[in-house]
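S.K.: This is the structure I have questions about; it appears just below.
Laboratory data are not the source of any read-out in this text; all were calculated from the coordinates shown. Given the structure is predicted, the values throughout are model-derived calculations rather than measurements. As a convention, Cβ positions derive from the backbone with ideal geometry for all residues, glycine included, and neighbour counts pool all protein chains shown.
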Ligand code: PLP
């Protein structure tokens, strides 16, 4: 299927390194939406920030995954972006889903995904959520400590358990092993306890940290997982699955996938099923966010005579730019509309140090609500103009708040730059 996809594809713009995302569709969607707003008389909220999501990009990322990690079945990490169309598309493409809570399990089940395609990948689970998972037949779940094993014995003795081990995640953007994962000096005891409690341990899982950048982290984690497989065998378990977690980024995917594949081939026998829990990889580049300039403050800097401006947008750190705080991101503003002109400013056009300096702020009362400390644009920006930010699909909308009464439910306009994605979703 993959070969025919690449050979027969009529989409000249497919570039597997993700460098050539079809921008025209996204730009048209941004422009049409902004043109539709009557800025002089619209209702409150009509000019709210909004997303354009290219589901074709999610589709391409899936093909890229299959090409580079054919042994690993992805279970998309819903927490990263629980967008219903993304889940629907991935469901059609046959992925599984990593859910962290009852609400995420429920959302996926409602889309007619079979319970076997879900892993409740949260080592410290809420009792009532475990009961819910049991009632729905969602069996796969992770654990990393003895208390959780007693919980499982009481609430769900038939669950299919994955022992999550800790990793060296020091090279990642978001360290997860500070909080979760059994250290290797505890795994033997945990397996002994699981055996004593007659629980069903079926696999090992790890996560090298979200936004990981060191391919050696995968090698070490796979080696450690192999050791735990051997320990489990000594306790009489016959583990059948390794879950290699998430941590993949579009920018370094091929390098990380090559390191992971080589480690899997060396340490994990071919009959072992391998799954992964990618989140960011699938959605980061698929979402573009457009924001409206709601206010401007002009700063005159006496020593230099240069005038700069503070721009206030209708979205900020307490909204979709929560990724700046929680995900250590640095979203780059581009000009969508200046005055009555649509510009689609490119980063390249801003590389000269000319133009005017701006700082960019969110709408709330808080001084930390700053998106960009300093950026220069050739365009003059004023109240009523629009900016846009690419790569806003991961850990953005899902962690937005309603602080100061601003909306956390921004519209998403869907486009699909891949015929395959359109066909699967029945889009025109
Ligand atoms: N799996 C688990 C258990 C996680 O906690 C996370 C992220 O926090 C993910 C998967 C997804 O990670 P990423 O978005 O880096 O692929």
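S.K.: Could you please state, rounded to a whole Å, how far the C-alpha centre of the range 377-428 is from the C-alpha centre of the range 70-114?
M.R.: Each part's Cα centre sits 20 Å from the other's.
S.K.: Between 264, 161, 184, find the one with the highest GNM mean-square fluctuation for the chain; connect C-alpha pairs within less than 10 Å.
M.R.: Maximum fluctuation in the GNM of the chain, among the listed residues, is at 184.
S.K.: Can you sort 291, 42 so the residue with the fewest Cβ neighbours within 10 Å comes first? Numbers along the way, then the final one.
M.R.: Working: 291 30, 42 12.
Lowest to highest Cβ neighbour count: 42, 291.
S.K.: Could you work out how far helix 55-68 tilts from the main Cα principal axis of the chain, as a 0 to 90 degree angle to the nearest 10?
M.R.: Between the helix axis and the principal axis of the chain, the angle is about 40 degrees.
S.K.: Please arrange 180, 206 by counting, for each residue, the other beta carbons lying within 10 Å of its beta carbon, fewest first. Write down the numbers at each step before the final one.
M.R.: Numbers: 180 20, 206 32.
Lowest to highest Cβ neighbour count: 180, 206.
S.K.: Report the extension gain between residue 153 and residue 220 in nm, rounded to one decimal, defined as 0.36 nm multiplied by the number of residues separating them, less their alpha carbon distance. Provide the component values of the computation, followed by the final result.
M.R.: Details: separation 67, 0.36 × 67 = 24.12 nm, distance 3.11 nm.
Extra length from residue 153 to residue 220 when fully extended: 21.0 nm.
S.K.: Let me ask another. Mind jotting down a quarter of the surface of the convex hull over the alpha carbons of the chain, in square nanometres, one decimal?
M.R.: Dividing the Cα hull surface by four gives the mean projection, 23.0 nm².
S.K.: Can you tell me the FRET efficiency between residue 346 and residue 233 if r is taken as the Cβ-Cβ distance and R0 is 51 Å, rounded to the nearest 0.05? Intermediate results must be reported in sequence, preceding the final value.
M.R.: Details: r = 56 Å, r/R0 = 1.09.
Using R0 = 51 Å, I get an efficiency of 0.35.
S.K.: Could you check what % of the DSSP bridge pairs in the chain are antiparallel, to the nearest 5? Show your work: numbers first, answer last.
M.R.: On the way: 27 of 63 bridges.
Of all bridge pairs located within the chain, approximately 45 percent are antiparallel.
S.K.: Next question. Taking other Cβ within 10 Å of each residue's Cβ, how do 114, 418 sort, fewest first?
M.R.: Details: 114 12, 418 24.
So the ranking, lowest neighbour count to highest, is 114, 418.
S.K.: Per DSSP H run of n ≥ 4, the term is -39500 (n - 2.57); total these for the chain, divide by its residue number, and report the mean residue ellipticity at 222 nm rounded to 500 deg cm²/dmol. Before the final figure, lay out each step's value.
M.R.: Numbers: 13 runs with 134 residues, N = 428.
That comes out to -9500 deg cm²/dmol.
S.K.: Taking Cα pairs under 8 Å and at least six residues apart, what relative contact order does the range 50-123 come out at, in percent? Could the numbers behind the result be given before it?
M.R.: Values: 66 pairs, mean separation 21.8, N = 74.
About 30 percent, as a whole number.
S.K.: Please give the Cα centre distance for the range 214-268 versus the range 163-208, rounded to the nearest Å.
M.R.: A separation of 13 Å, based on Cα centres.
S.K.: Can you give me the relative contact order of the chain as a percent, contacts being Cα pairs under 8 Å and 6 or more apart?
M.R.: Values: 862 pairs, mean separation 81.9, N = 428.
The normalised contact order for the chain reaches 19 percent.
S.K.: If you don't mind, there's one more thing I want to ask. Using only Cα atoms and rounding to the nearest 10 degrees, what angle (0 to 90) does helix 253-267 make with the longest principal axis of the chain?
M.R.: Rounded to the nearest ten degrees, it is 0.
S.K.: Please report the projected area of the range 123-278's Cα convex hull averaged over all directions, in nm².
M.R.: 8.8
S.K.: A further question follows. Once both labels are modelled 7 Å past Cα along the beta-carbon direction, what's the residue 422-residue 25 spacing in nm?
M.R.: 0.7
S.K.: What is the angle, in °, between the Cα long axis of helix 215-234 and the longest principal axis of the Cα atoms in the chain? Nearest 10 is fine, range 0 to 90.
M.R.: Tilt of helix 215-234: around 20 degrees.
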